[in-house]
1. Among 160, 48, 192, pick out the residue whose Cα is farthest towards the positive end of the charge dipole of the chain, where Lys and Arg carry +1 and Asp and Glu carry -1 on C-beta, about the Cα centre.
2. Comparing 230, 131, 109, which has the greatest mean-square fluctuation in the GNM of the chain with Cα pairs linked when under 10 Å apart?
3. Compute the angle between helix 142-151 and the longest alpha-carbon principal axis of the chain, please, reported from 0 to 90 degrees and rounded to the nearest 10.
4. Can you compute log10 of I(q)/I(0) for the stretch 133-226 with the Debye formula, treating each Cα as one identical point scatterer, at q = 0.11, 0.12, 0.16, 0.18 Å⁻¹?
5. Would you compute, from DSSP H runs of 4+ residues alone, the mean residue ellipticity of the chain at 222 nm, taking -39500 (n - 2.57) per run and dividing by the full residue count, rounded to the nearest 500?
6. Once the Cα atoms of helix 169-188 and of the chain are each reduced to a long axis, what angle between those two axes, in degrees from 0 to 90 to the nearest 10, is obtained?
7. Pairs of Cα atoms under 8 Å, at least six residues apart: use those to get the relative contact order of the chain, whole percent.
8. Please report Rg over Rh for the chain, where both radii come from the alpha carbon positions and Rh follows the Kirkwood definition.
Amino acid sequence: MTETLQTPLLGVNIDHVATLRQARGTEYPSVLEAARVAEDYGADLITVHLREDRRHIQDRDVSGLLEQSRTRLNLEMGMTDEMLDFALSHRPEDVCLVPERRMELTTEGGLDVADRQAEVTRFCRALNAAGIRVSLFVDPEPEQIEASAACGAPVIEIHTGAYANAGDPSRARAELDRISEAAALARANGLVVNAGHGLHYENISEVVALELIREFNIGHAIIARAIFSGLGGAVAEMKRCLAGPGGAA
Ligand code: PXP
């Protein structure tokens, strides 16, 4: 019998703040400011994915985030030696190993730990030895969970994309059952269970209700929602700039 979890933690993924910045090659919006705001409003950790092609988050963002962090940094990265060296020299609190394909829009599918067990074990050993907590981003499949435990990772993050993209309610229910079974199996194997991908304001409560997930990593939905929580104020501020000092907006 596993214990019931407290309110899960929220990892705010701020990759898409960097996506917007990189689209114009500007200094703004600032990833560091985004992390500060997220932490001010209750983020329990900040998550970023340093991709091999550096399409959004840059090396300097990771360094800056580590310097200013008031919570902790979860670095998502592909399994390359370049990224392993980067993690070992920068030492974020957490590293989440993800599969990475150059042309994908976002991380598609989990890491095939069962197929890459020797390589994953090598990464887990190196990161564990450096005191970095490793998590493996896996699909909710029993063989991936068992392989993750065998590799010596203390944490898994269940890929919730199939649930989020299920479309019809019966398919979503079936995907939720897979998540629930995988999370229970992982916990029975002594793993801490996180989850993420494609979660938004409407689909998260059912995953929270499983009471099996310790931490959620959520990005796209939060950054998308922030546009409309902030667009009104941003337009009003520009109107004030047009009116000039002392002018009526
Ligand atoms: N967790 C992992 C491992 C991811 O790769 C991503 C996407 O970068 C997320 C969580 C967040 O997904 P989303 O942006 O859909 O919330």
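1. 48
2. Of 230, 131, 109, the Gaussian network model singles out 230 as fluctuating most.
3. Taking the Cα atoms of the chain, the angle to 142-151 is about 90 degrees.
4. Debye output, listed in q order: -0.29, -0.34, -0.60, -0.74.
5. Mean residue ellipticity, 222 nm, calculated: -14500 deg cm²/dmol.
6. 60 degrees
7. With pairs under 8 Å counted, the relative contact order is 18 percent.
8. Reported Rg/Rh (Cα atoms, Kirkwood Rh): 1.01.
Read-outs: derived from the displayed coordinates by stated rules, not from any lab. If you're wondering where the values come from, they're calculated on a predicted model, not measured in any experiment. Counting neighbours? That spans all protein chains shown, and the Cβs are built from the backbone with ideal geometry, glycine included.
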